[in-house]
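Scroll down for the structure; my scribbles are underneath it.
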Ligand SMILES: Cc1cc2nc3c(=O)[nH]c(=O)nc-3n(C[C@H](O)[C@H](O)[C@H](O)COP(=O)(O)O)c2cc1C
């Protein structure tokens, strides 16, 4: 890599710090190479973002994977990225877990394929598609990883990033193997389902427990301004990317995932909506695809109504306590996740 001529543009989106950590490691490496680098968060107004100007500039995009794709904010950023002819490296952070000394791989899905397609249309050359299995932050689904596992994964991924940067520096291209590609293509149907439906459902599972002291940090820190104050309490709108920033950074650990609400919606949907669907809709919604859409819409409408009701019930101590007992995230062992700064994990090694 000709460090004297090149500028490195590092664009990243990060919910809980993993992608930010990778961006930081690249920028440290650039400093060592005495290469000029610009590191920029993409969750800021487009006018404040500096774009590459010279053909020799090298561009990095780094973002977590949400539902086997990049989150909407990253996809929108790449889609609106100006035309150019530079080389691009696509990176992602996925859900890594530790079993013994093995870090289980996450799944990229269509993130690289879709972004590479758009970037090629704009004139760019994609020379790298690299996933990093950082500690999973999806704590609505599973308890947070323990500190030792988090440190272990950080250290391994740090070494991986360094190796990859050296190989890229030597002019290598780091693209996906055929096996990875097939695996990613197979995830495509689920990634579409998540993009068009799943993410809206997940957005409606967050709420604040009575521990919330109305500090407003979640509203302020949300990268997509998806949290509003309704009746004096944080309320998650469908714009939420489920990036987990709010939940993991809340100083009071007052943000929970309402597993109870999801269960209740599913049960009510199965009994009442299922009945309505059989009696009324079945006769005129014959197309299986249309049936699928209508069923999911009904589920979502029910969830919206129940979410609003839950928000009202959270005002009362008794019902709020009841709701928080139905949230797995409420229990102490579940924990929270944030990527840890280098000085912390290096110190503990
Ligand atoms: C809503 C949501 C969906 C996710 N979907 C995937 C996925 O499809 N595949 C995967 O490997 N990891 C998935 N993850 C895990 C994150 O991509 C992973 O933990 C990432 O490193 C987080 O990066 P960040 O700290 O920069 O936000 C998901 C996480 C969340 C919160």
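Read-outs throughout are calculated quantities, based only on the coordinates presented, and are distinct from any laboratory measurement. Nothing here was measured: the structure is a model prediction, and the numbers come from that model. For neighbour counting, all protein chains shown are included, and Cβ atoms are generated from backbone atoms with ideal geometry for every residue, glycine included.
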Inset, instruction - List the residues of segment 318-343 whose backbone N lies under 14 Å from a point placed 7 Å from the Cα of residue 155 along the Cα-to-Cβ direction. - result: 342-343
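Most exposed first by the Cβ proxy, i.e. fewest other Cβ within 10 Å, how do 102, 334, 118 rank?
Fewest-to-most Cβ neighbours within 10 Å comes out as 102, 118, 334.
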Inset, instruction - Can you tell me which of 92-101, 289-298 comes out highest on packing, and rank the rest after it, using the mean Cβ neighbours within 10 Å? - result: 92-101, 289-298
Inset, instruction - Treating the angle as unsigned and between 0 and 90°, give the value, to the nearest 10°, between the Cα long axis of helix 111-121 and the longest Cα principal axis of the chain. - result: 60
Legend entry - Most mobile listed residue (128, 17, 232) in the chain, GNM with C-alpha springs under 10 Å: 232
Legend entry - Cβ-based exposure ranking for 280, 230, in which fewest neighbours within 10 Å come first: 280, 230
Inset, instruction - Pop a pseudo-label 7 angstrom from the Cα along the beta-carbon direction at both residue 312 and residue 229 and give the gap in nm to one decimal. - result: 2.3
Legend entry - Rel. contact order, % - alpha carbon contacts under 8 angstrom, at least six apart, the chain: 17
Inset, instruction - Find the relative contact order for segment 225-313 and round it to a whole percent, using C-alpha pairs within less than 8 Å whose residues are 6+ positions apart. - result: 24
Legend entry - DSSP beta bridge pairing in the chain, given as percent antiparallel to the nearest 5: 25
Inset, instruction - Treat the count of other C-beta atoms within 10 Å as a stand-in for reagent exposure and order 63, 229 from fewest to most. - result: 229, 63
Inset, instruction - Could you check the simple spin-label distance between residue 102 and residue 276, using points 7 Å along Cα→Cβ, in nm with one decimal? - result: 4.7
Legend entry - Extension reserve of the residue 331-residue 36 stretch, reckoned as 0.36 nm per residue once the Cα distance is removed: 101.6 nm
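Counting each DSSP H run of 4 or more residues in the chain as -39500 (n - 2.57), what helix-only mean residue ellipticity at 222 nm follows after dividing by all residues, to the nearest 500 deg cm²/dmol?
-12000 deg cm²/dmol
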Inset, instruction - With r as the distance between the Cβ atoms of residue 263 and residue 211 and R0 = 22 Å, compute the FRET efficiency 1/(1 + (r/R0)^6) and round to 0.05. - result: 0.50
Legend entry - Rounded, prolate or oblate (a/c below 1.5 giving rounded, otherwise prolate when a/b exceeds b/c) for segment 177-323 by Cα gyration tensor: oblate
